[in-house]
Amino acid sequence: MVINALRPIVQSMKGARGFAITVTALLALAPAVLCQSHYEYKFVFNGFAYQTNAVGKLASTPISDQTFLRDIARRGGVADVSTISLVYHLNGNPLGDTIDVISNATGQTLSGFLGLYYGSAGNLGRTAVTNAAQSSQRRIDYIYTSNKSTYSFDNDDSVGASMTIKNLVVNNNMTNWVISGNMSWGVQPQETNGPILCIGKFSLGPPMF
């Protein structure tokens with residue numbers, strides 16, 4: 001199954017600078033990355049979309065991960081939303097973590113949605129704060145998107161930021177990330193929609209793959 005109307009997040013324009021930043025970030029996280037048991041977790045989001053309504057007033061609409069998923073499915077021609085999921089993908093892109101749409105049956109990435117990049121790009125003055133064991137982090141990730149939907153658009157620069165909290169936990173010999181945070185990003189006017197500002201909190205549900 002392929003979502004034809006969308007394409008994965010690929011920020012190829014970052015070039016050599018992005019590669020150098022990625023190597024630095026991966027080295028810093030190497031102990032944690034090597035120990036993790038899963039790499040894709042259900043993405044759970046709750047927040048509001050702010051935009052100007054038909055009478056010119058600023059209005060807010062509740063949104064969730066299911067809002068995003070239904071919108072992406074509709075645009076991509078996916079009739080049965082239960083066959084796909086929105087996941088938080090650890091190291092889903094060389095530049096950082098991603099939030100992707102996957103097939104529940106195979107785990108295949110069908111489409112990207114958001115990219116969380118450059119949170120520890122030291123040469124850009126961006127630093128993640130970690131403990132000595134590299135098992136706990138506080139970081140500001142920059143949100144990128146390259147897909148066209150109600151809540152995202154094709155853009156080469158960051159459209160928002162995420163205050164991300166990461167903790168590596170061991171339970172019953174299984175090592176997994178517990179990740180949560182606050183995120184906000186803007187969407188330019190497109191089709192019949194005016195500009196939209198999405199603000200909310202996210203966390204991880206159960207591991208998917």
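Data overview
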quantity	calculated
Identity of the residue in the stretch 31-84, within 24 Å of Ile179 (Cα to Cα), at pLDDT below 95 and more than 16 Å from the chain's Cα centre (by Cα), that ends up surrounded by the fewest Cβ atoms within 10 Å (Cβ to Cβ)	Leu34
Verdict on Ser136 being among the polar types (S, T, N, Q), in contact with a Leu (Cβ under 9 Å, 6 or more places away or on another chain) and more than 16 Å from Ile179 (Cα to Cα)	no
Filter result for Asp141 (of a type in the set (D, E, K, R), exposed (fewer than 14 other Cβ atoms within 10 Å of the Cβ) and under 19 Å from Asn93 (Cα atoms))	no
Tally of residues being closer than 23 Å to Ala161 by Cα and of a type in the set (Val, Ile, Thr) across the stretch 71-101	5
Number of positions in the stretch 151-167 that are in a strand (DSSP E or B) and open to solvent by 60 Å² or more (accessible area, probe 1.4 Å)	1
Failed criterion for Ala132 (all others in (1) over 27 Å from Tyr50 (Cα atoms); (2) touching a residue at least 24 places away in the same chain (Cβ under 8 Å); (3) small (Gly, Ala, Ser) hold)	(2)
Condition check for Thr145: at pLDDT below 95, of a type outside the set (Asp, Glu) and under 19 Å from Lys201 (Cβ atoms)	yes
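The values are calculated or read from the model by the stated rules, or taken from the named source; none is laboratory data. No experiment lies behind these values; they were computed from the predicted model shown. Note that each Cβ is placed from the backbone with ideal geometry, even for glycine, and that neighbours are counted across all protein chains shown. With ligands, DNA and RNA removed, areas are computed over all heavy atoms of the protein, side chains included. Shrake-Rupley method; radii C 1.70, N 1.55, O 1.52, S 1.80 Å.
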